[in-house]
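Asks: Just dropping this structure here.
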């Protein structure tokens, strides 16, 4: 959310009890995205999808972290096409053939936070949109591969930015990943475009998100003046994003929001 660039304080090293709680919340957030997929169809409005996500999360004993957060009105962020992030679900935003969208869910389960997002497609999409989505997912994968004790956070953004630029895309720099788990937004700030070997060292027990936002055109975002949240590309070109919550282990990483075994525990 908007406060991702305003952290204060130290990076929290989570205890085993906290890690267990964050792991459970993270898995629930990922399950909510799987549940939402069935509703991503032409003619469906995004408020309906948000309502279904809210029902699912509450039925599992959790609540949404976004609803009421600094006045944000909904239980998820649903960002279509040229919306980079923080798209507010509404009855008037109706999915149509060829749309691409990111759904972002953060759950609070027993006081612990889990945060994840991924891209969805509506019917047949263009080759350009498909390439953007594929590149963005690979950017996330490259960032995750950098997670290990002793490495520096700047290397996450370094490899993401290098790859995205090589593919002809730009990396949004106005929003970032962040520590998460015992609060919604914690230290560290995880930039997706940064200098090699910059930033704090990773240590076992740190938990944070990596959530690259990759644009077809220029990297800059424009915030909607009416709602104060919706961030769009300045040139109206497409944007894509994927996000996982990741734990630094003793030897590598565990992707806490991975419920499909896409990532090994290292």
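Just so it is clear, none of the values below were taken in a lab; they were calculated from the coordinates. It should be emphasised that the depicted structure is a prediction, and the values quoted were computed from it without experimental measurement. Cβ sites come from the backbone with ideal geometry, for glycine too, and all protein chains shown count toward neighbours.
Asks: Would you call residue 148 out of contact with any strand residue (DSSP E or B) (no Cβ under 6 Å at 6 or more places or on another chain) and touching a residue at least 40 places away in the same chain (Cβ under 8 Å)?
Replies: The answer is yes for residue 148.
Asks: Is it the case, given these coordinates, that residue 32 is buried (at least 18 other Cβ atoms within 10 Å of the Cβ), farther than 15 Å from residue 257 by Cα, touching a residue at least 24 places away in the same chain (Cβ under 8 Å) and touching a helix residue (DSSP H, G or I) at 6+ places or on another chain (Cβ under 7 Å)?
Replies: Details: buried (at least 18 other Cβ atoms within 10 Å of the Cβ): yes; farther than 15 Å from residue 257 by Cα: no; touching a residue at least 24 places away in the same chain (Cβ under 8 Å): yes; touching a helix residue (DSSP H, G or I) at 6+ places or on another chain (Cβ under 7 Å): yes.
When the stated conditions are applied, residue 32 does not pass them.
Asks: For the subset of the range 39-91 comprising residues that are closer than 20 Å to residue 26 by Cα and part of a strand (DSSP E or B), which member is farthest from the chain's Cα centre (by Cα)?
Replies: Out of the qualifying residues, it is 63.
Asks: Output the residues belonging to the range 71-88 that are in contact with a helix residue (DSSP H, G or I) (Cβ under 7 Å, 6 or more places away or on another chain) and under 17 Å from residue 223 (Cβ atoms).
Replies: 74, 78 - these are the residues of the range 71-88 that are in contact with a helix residue (DSSP H, G or I) (Cβ under 7 Å, 6 or more places away or on another chain) and under 17 Å from residue 223 (Cβ atoms).
Asks: When the residues of the range 165-190 are filtered to those that are crowded, with 23+ Cβ neighbours inside 10 Å and without any contact (Cβ under 8 Å) to a residue 60 or more places away in the chain, which remaining residue is farthest from residue 256 (Cα to Cα)?
Replies: 169
For every residue, the table says whether it meets (1) touching a strand residue (DSSP E or B) at 6+ places or on another chain (Cβ under 8 Å); (2) within 30 Å of residue 189 (Cβ to Cβ); (3) free of Cβ contacts under 8 Å to residues at least 60 places away in the same chain.
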site	(1), (2), (3)
28	yes, yes, no
52	no, no, yes
69	no, yes, no
78	yes, yes, yes
107	yes, yes, no
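Asks: Failed condition for residue 195, given (1) in contact with a helix residue (DSSP H, G or I) (Cβ under 9 Å, 6 or more places away or on another chain); (2) under 22 Å from residue 103 (Cα atoms); (3) exposed (fewer than 15 other Cβ atoms within 10 Å of the Cβ), with all others met?
Replies: The single condition residue 195 does not satisfy is (2).
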